[in-house]
Amino acid sequence: MTITADHIRATLTAYVDEFPEDKADLALPLSLLDSGAELSSRKEFRGHATAGAVLVNEHKHVLFIHHVALDKWLTPGGHLEAEDATLSGAALRELTEEAGIPTEAVTLAVDGPVHIDVHPIPENPTKGEPDHFHIDFRFVFRTTGSELVTLQEEEVSGYTWRPIASITDVRLKARVEALTA
C-alpha cells in the first residue's frame with residue numbers, strides 16, 4: 001500500500017504541532033500538498049518525500065553509513081517504495097535494507113518524526129533526474145544490536161557508530177539528545 005497524501009499531511013500537521021518553530025521550513029511540502037502533488041512519488045520533481053532512520057545504540061552512539069553514490073557518511077534512509085504504508089515503516093525498511101539490522105532488533109523511539117529536513121538534490125543526468133528537493137522525514141530508532149550490521153554493498157561501503165554530538169544538524173542533534181537523556 002502506497003503512502004497517501006493524507007498520511008503525509010497528517011504527519012506534517014502533527015510535526016508542526018509539536019515543533020511549531022519548524023513551520024516556516026516546511027513551506028515547500030505544505031504548498032505542494034495543497035497543489036495536489038503526489039509527494040510519495042520520486043517522479044515528483046518539485047519535491048518528494050524520503051524517510052530516514054537515526055539509529056541509536058545502548059552507548060548513545062548513532063549509526064552512520066557510507067553511501068557509495070553520494071560518497072558521504074549519512075544516517076540510513078532513502079526513497080519511499082510502493083509497498084510502504086507509513087513514513088516510519090519506510091524509514092525502518094531503509095534501515096534494514098542498507099544496514100541489514102533485523103527489524104526485531106530495533107524499536108521506534110517515538111511515533112512521529114523528530115525532524116523533517118527539506119534539502120536540494122542536484123541534477124542526475126544518468127538517472128534522467130533534474131534538480132529537485134527531498135523532504136526527509138527522520139525517525140529515531142533504538143537498538144542494543146550494534147554488532148548486527150550487515151551492509152547492502154551495492155549502495156553502502158562502510159559503517160561507523162558515532163556519538164550523538166557528531167550529528168551536524170543542530171535541531172536533529174538536540175532532539176536525539178533529548179530522547180536519549
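The values are calculated or read from the model by the stated rules, or taken from the named source; none is laboratory data. Here the structure is a predicted model, which is why all the values come from computation and not from measurement. Neighbour counts are summed over all protein chains in view; Cβ atoms, including those assigned to glycine, are modelled from backbone coordinates with ideal geometry. Side chains included, ligands, DNA and RNA excluded: accessible areas come from the protein's heavy atoms. Shrake-Rupley method; radii C 1.70, N 1.55, O 1.52, S 1.80 Å.
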Item to complete: Whenever you get a sec, compute what percent of the accessible area on region 52-117 sits on carbon and sulfur atoms (1.4 Å probe).
Response: 55
Worksheet entry | Cut-off 13 Å between beta-carbons: net charge of the residues surrounding residue 15, Lys and Arg +1, Asp and Glu -1 | -3
Worksheet item: So, counting K/R as plus one and D/E as minus one, what does the shell of residues with Cβ under 12 Å around residue 74 add up to?
Response: -4
Worksheet entry | Per DSSP, loop trypsin sites (Lys or Arg not before Pro) in region 1-99 with at most 16 further Cβ within 10 Å | 43, 46, 60
Fill in: Local electrostatic count, residue 58, Cβ distance below 15 Å [Lys/Arg +1, Asp/Glu -1]
+2
Worksheet item: When the Kirkwood radius is taken over all Cα pairs of the chain, what Stokes-Einstein diffusion coefficient follows at 25 °C and 0.890 mPa s, in µm²/s?
Response: 148
Discussion item. Of the candidates 90, 82, 69, which one comes out as most mobile in a Gaussian network treatment of the chain with C-alpha springs shorter than 10 Å?
Written reply: 69
Worksheet entry | Percent antiparallel among DSSP beta bridges (both partners in the chain, rounded to 5) | 75
Worksheet item: For region 24-90, what is Rg from Cα atoms divided by 2.2 N^0.38 Å, rounded to two decimals?
Response: 1.33
Worksheet entry | Stokes-Einstein D in µm²/s, Kirkwood radius over Cα pairs - region 112-181 at 20 °C with 1.002 mPa s viscosity | 144
Fill in: Helix 170-180 axis, angle to the chain major axis (alpha carbon atoms, nearest 10°)
50
Worksheet item: Which one of 113, 82, 96 has its Cα pushed farthest toward the positive end of the charge dipole of region 62-181, where Lys and Arg give +1 and Asp and Glu give -1 at the Cβ?
Response: 113
Worksheet item: What value, in deg cm²/dmol to 500, does the helix sum -39500 (n - 2.57) over DSSP H runs of n ≥ 4 give at 222 nm once divided by the residues of the chain?
Response: -8000 deg cm²/dmol
Worksheet item: What does the convex hull of the Cα atoms come to per residue for region 52-125, in Å³?
Response: 122
Discussion item. About the Cα centre, and with charges only on the beta carbon of Lys, Arg (+1) and Asp, Glu (-1), how big is the dipole of the chain? Nearest 20 debye, please.
Written reply: 380
Fill in: Alpha-carbon centroid distance for the pair region 1-21 / region 67-107, whole angstrom
19
Practice prompt. Using a 10 angstrom cutoff on alpha carbons, build the Gaussian network for the chain and name the most mobile of 111, 136, 22.
Written response: 111
Discussion item. For a quick check: with amide H placed at 1.01 Å from N, whose amide H comes under 5 Å from residue 133's, ignoring anything fewer than 5 positions away on the same chain?
Written reply: 47, 48, 121
